[in-house]
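The values are calculated or read from the model by the stated rules, or taken from the named source; none is laboratory data. All figures in this text were calculated on a predicted structure; none of them were measured in a lab. Cβ placement follows ideal geometry from the backbone for every residue including glycine, while neighbour counts extend to all protein chains displayed. Accessible surface is based on the protein model in full, side chains and every heavy atom, while ligands, DNA and RNA are left aside. Shrake-Rupley method; radii C 1.70, N 1.55, O 1.52, S 1.80 Å.
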Amino acid sequence: MSGASSSSRSPGEPRLPVHATVWDHRLNPTGIAAGWPVVFVHGILTWGTDPRYGFAAQRPLAARRRLLLMDRRGYGRSPDIARSDWAVDAEDIVGLLGAGAHLVGHAYGGVGAMAAAVRRPDLVRSLTLIQPGALRPAERHPVVAEALARARAATAAMPPDLTPAEFLRGATESVGMEIPEATPDRLRAAATTMAELPCWDADIDLVPLARAAFPKLLVSGDWEGAPEPYRTYAGLPLIACAEEIAEATGAAHLVVPGYYPHTQQPERVNAALEDLWDASEQG
């Protein structure tokens, strides 16, 4: 497998406002890539190639395809932004799709991916959402309604002098999760997360996604083995949300053990992704 590239651009392409790490495919025996490229969009507290929360475990997929791992604005190697926004992410994602690509989004990145797919369905070859953070489309569910109320209250009560290190500790320790090492990259990601527009209140219209011709896949964990506070406050709402989005859009829904599907169950998730991409290109 070839090494990472610092740019997603081919010669002559315009410079985009975000960085994307490129993992190039191996050429198959005919010397031609297996199919369309793939754009991956990460969630909070992370960046594209992060082994902990990002898509490092998806690198084996580059054996057959060109992977573009986006760093959302304020994360990884992308420039700073005063306030990260899923709608701005959607514009950046559209730019990375080029002439067409498969699209994979996790958590906050899943919301931007949904918005991008609504804006430019003609560029999306398939859409995979891994536990997307768009709770509002499923707010009629009581568990989701409670989670939305809790998230809105917590955001309003956030102390103005909270530091990124304190935020990182609170966002993980408070739900029974191990606190990640406070590296400069992680603290920068925490600072961006603190200021970004909440994705759970994104009003994404699911009707255009339901009408879109490209195949869709929802991936969820079963949340068994998760710390109980994390399962209660995050897992149950995300499960309900994924079920609602899958049903409303006609997406297949894959449930795997654990609570971080693409990092805890990479072989199963990677196999499902390859099956989706191959099937969409053969149809």
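Tell me whether the stretch 65-167 comes out rounded, prolate or oblate; compute the Cα gyration tensor, take square roots of the eigenvalues as a ≥ b ≥ c, and use a/c under 1.5 as the rounded threshold.
Values: a/c = 2.58, a/b = 1.38, b/c = 1.87.
Oblate.
Students often check this: by mean Cβ neighbours within 10 Å, which of 86-96, 139-149 ranks highest, and how do the rest follow?
Numbers: 86-96: 22.0, 139-149: 16.2.
Order by mean packing, descending: 86-96, 139-149.
Between residue 156 and residue 252, how high is the FRET efficiency from 1/(1 + (r/R0)^6) when r is the Cβ-Cβ distance and R₀ = 41 Å? Nearest 0.05.
Details: r = 37 Å, r/R0 = 0.90.
Efficiency computed from Cβ-Cβ geometry: 0.65.
Work out, step by step, the length gained on full extension between residue 270 and residue 169: first 0.36 nm times the residue separation, then minus their alpha carbon distance; give nm to one decimal.
Numbers: separation 101, 0.36 × 101 = 36.36 nm, distance 3.04 nm.
Between residue 270 and residue 169, full extension yields 33.3 nm more.
Quote to one decimal, in nm, the extra length available between residue 210 and residue 179 on full extension: 0.36 nm per residue of separation minus the C-alpha distance between them.
Additional length available on full extension: 7.3 nm.
Can you send over the solvent-accessible area of residue 152, 1.4 Å probe, protein chains only, in Å² to the nearest 10?
The accessible area comes out at roughly 100 Å².
Taking θ as phi - 60°, what are the ³J(HN,Hα) couplings along the stretch 194-207 by the Karplus curve (6.51, -1.76, 1.60), each to the nearest whole Hz, with x for Gly and Pro?
Karplus-based 3J(HN,Hα) across the stretch 194-207 equals 4, 9, 6, 5, x, 7, 5, 9, 5, 8, 8, 6, 7, 4 Hz.
Can you bin the stretch 184-233 into rounded, prolate or oblate? Criterion: square roots of the alpha carbon gyration tensor eigenvalues sorted a ≥ b ≥ c, rounded for a/c under 1.5, prolate for a/b above b/c, oblate for the rest. Mind dumping the intermediate values first?
Numbers: a/c = 2.27, a/b = 1.34, b/c = 1.69.
Cα axes put the stretch 184-233 in the oblate bin.
How far is the Cα center of the stretch 99-135 from the Cα center of the stretch 30-98, in Å?
Centre-to-centre (Cα) distance: 11 Å.
So in the chain, what percent of DSSP beta bridges are antiparallel if you round to the nearest 5?
Values: 6 of 29 bridges.
Approximately 20 percent, going by the DSSP bridge assignments.
At a 10 angstrom cut-off on C-beta neighbours, averaged per residue, how do the peptides 159-167, 173-181 rank from highest to lowest? Don't jump to the answer; show the numbers that get you there.
Values: 159-167: 11.9, 173-181: 13.4.
Result, highest mean first: 173-181, 159-167.
Using the Karplus equation 6.51 cos²θ - 1.76 cosθ + 1.60 (θ = phi - 60°), what ³J(HN,Hα) coupling, rounded to whole Hz, does each residue of the stretch 134-144 give in order, writing x for Gly and Pro?
7, 7, 4, x, 10, 5, 5, 6, x, 5, 5
Quick one: grab the alpha carbon gyration tensor of the chain, order the square roots of its eigenvalues as a ≥ b ≥ c, and give me rounded if a/c is under 1.5, else prolate or oblate depending on whether a/b is larger than b/c.
Details: a/c = 1.57, a/b = 1.30, b/c = 1.21.
Verdict is prolate for the chain.
So what is the relative contact order of the stretch 83-216, in percent, for Cα pairs below 8 Å that sit 6 or more residues apart?
Details: 177 pairs, mean separation 43.2, N = 134.
Over the stretch 83-216, the number comes to 32 percent.
Within a Cβ distance under 14 Å of residue 223, other residues only, what is the Lys/Arg minus Asp/Glu net charge? Show your work: numbers first, answer last.
Working: positive: 231; negative: 222, 224, 228, 243.
Around residue 223, the charge tally is -3.
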